[in-house]
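Peer 1: Before I ask anything, let me first share the structure, which is written out below as structure tokens.
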Amino acid sequence: MAWIKGWKRRFWQGSTDHRGVPGAPGRVVTLVADPESVCWGVVYGLCGGRAESVIDQLDFRERGGYRRLSVQAFFPNGASVEALSYFASQDNENYLGPAPLREIARQVRDAQGPSGGNPEYVRELAEAMRTIGVQDDHLFELDELLSEHRAVNTISRGL
């Protein structure tokens with residue numbers, strides 16, 4: 001578990017290749033610059049011989065508008081390391097930008113792509129952040145809105 005300074009996680013990037021399709025994009029996270037914020041996550045180490053192939057795979061996975069970003073990641077024990085992250089800037093064709101959270105939830109709820117349903121992406125990310133003890137209000141509020149919708153649908157189907 002580690003954090004980076006000056007960034008926050010937001011569902012402002014469209015996904016037409018993983019969690020949505022062209023014409024019906026899903027929403028996935030990107031890092032948004034904010035000098036007052038910190039963004040928590042996980043840092044993975046790469047073994048020397050595999051680093052290039054892993055980065056090639058990440059570049060392919062993050063091809064839908066993301067750019068590599070070198071960041072200083074800080075650990076709770078006070079250590080830090082230069083790390084690689086990805087962010088989607090406003091000038092890429094899939095960037096959707098800010099929207100009211102309920103609107104984001106509606107879009108996520110209905111999106112499906114080659115990598116699966118968009119709600120699954122949100123739920124798994126929220127679960128991962130809870131597991132490592134991270135508080136992310138934007139993510140957790142979106143997950144809650146989607147959970148409420150799942151509960152209403154379950155009740156309405158009589159399950």
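Peer 1: For the stretch 108-123, take each phi angle, set θ = phi - 60°, evaluate the Karplus expression 6.51 cos²θ - 1.76 cosθ + 1.60, and give the result in whole Hz per residue in order, putting x for glycine and proline.
Peer 2: 4, 4, 9, 8, 9, x, x, 8, x, x, 5, x, 4, 4, 5, 4
Peer 1: Before rounding to the nearest 500, sum -39500 (n - 2.57) across all DSSP H runs of length at least 4 in the chain and divide by the residue total; then give [θ] at 222 nm in deg cm²/dmol.
Peer 2: -11000 deg cm²/dmol
Peer 1: Hey, fewest Cβ within 10 Å first, where do 81, 43 land in order?
Peer 2: So the residues, fewest neighbours to most, are 81, 43.
Peer 1: For the stretch 59-148, just run the numbers: alpha carbon Rg, then divide by 2.2 N^0.38 Å, N being how many residues it has.
Peer 2: That works out to 1.24 for the stretch 59-148.
Peer 1: Then there is this: Could you give me the ³J(HN,Hα) list for the stretch 27-43, computed from phi with Karplus coefficients 6.51, -1.76, 1.60 and θ = phi - 60°, whole Hz, x at Gly and Pro?
Peer 2: Taking θ as phi minus 60°, the curve returns 10, 10, 7, 9, 8, 10, 5, 7, x, 8, 9, 10, 10, 8, x, 10, 10 Hz for the stretch 27-43.
Peer 1: Which residues' amide hydrogens lie under 5 Å from the amide hydrogen of residue 43, considering only partners 5 or more residues apart or on another chain, with H built in the peptide plane?
Peer 2: When sequence neighbours closer than 5 places are left aside, the close amide H contacts are 2.
Peer 1: With a sphere of radius 14 Å drawn around the Cβ of residue 56, what net charge do the other residues whose Cβ falls strictly inside it have (Lys, Arg +1; Asp, Glu -1)?
Peer 2: +1
Peer 1: Something else about it: May I ask you to order 50-57, 104-111 by the average number of other C-beta atoms within 10 Å around their residues, highest value first?
Peer 2: Numbers: 50-57: 11.1, 104-111: 19.9.
Ranked by mean Cβ neighbours within 10 Å, highest first: 104-111, 50-57.
Peer 1: Next up: Measure nothing but the geometry: give the 0 to 90° angle between the long axis through the Cα atoms of 51-61 and the longest principal axis through the Cα atoms of the chain, rounded to 10°.
Peer 2: So the inclination is approximately 30 degrees.
Peer 1: How long are the semi-axes of the ellipsoid equivalent to the stretch 2-156, from square roots of 5 times the Cα gyration tensor eigenvalues, in whole Å, largest first?
Peer 2: Taking √(5λ) for each Cα gyration eigenvalue gives 27, 19, 15 Å.
FYI, it's all coordinate maths here, none of it is from the lab. Small disclaimer: the values here were computed from a predicted structure and weren't measured. Methodologically, a virtual Cβ is constructed for each residue, glycine included, from the backbone with ideal geometry; neighbour enumeration extends over all protein chains shown.
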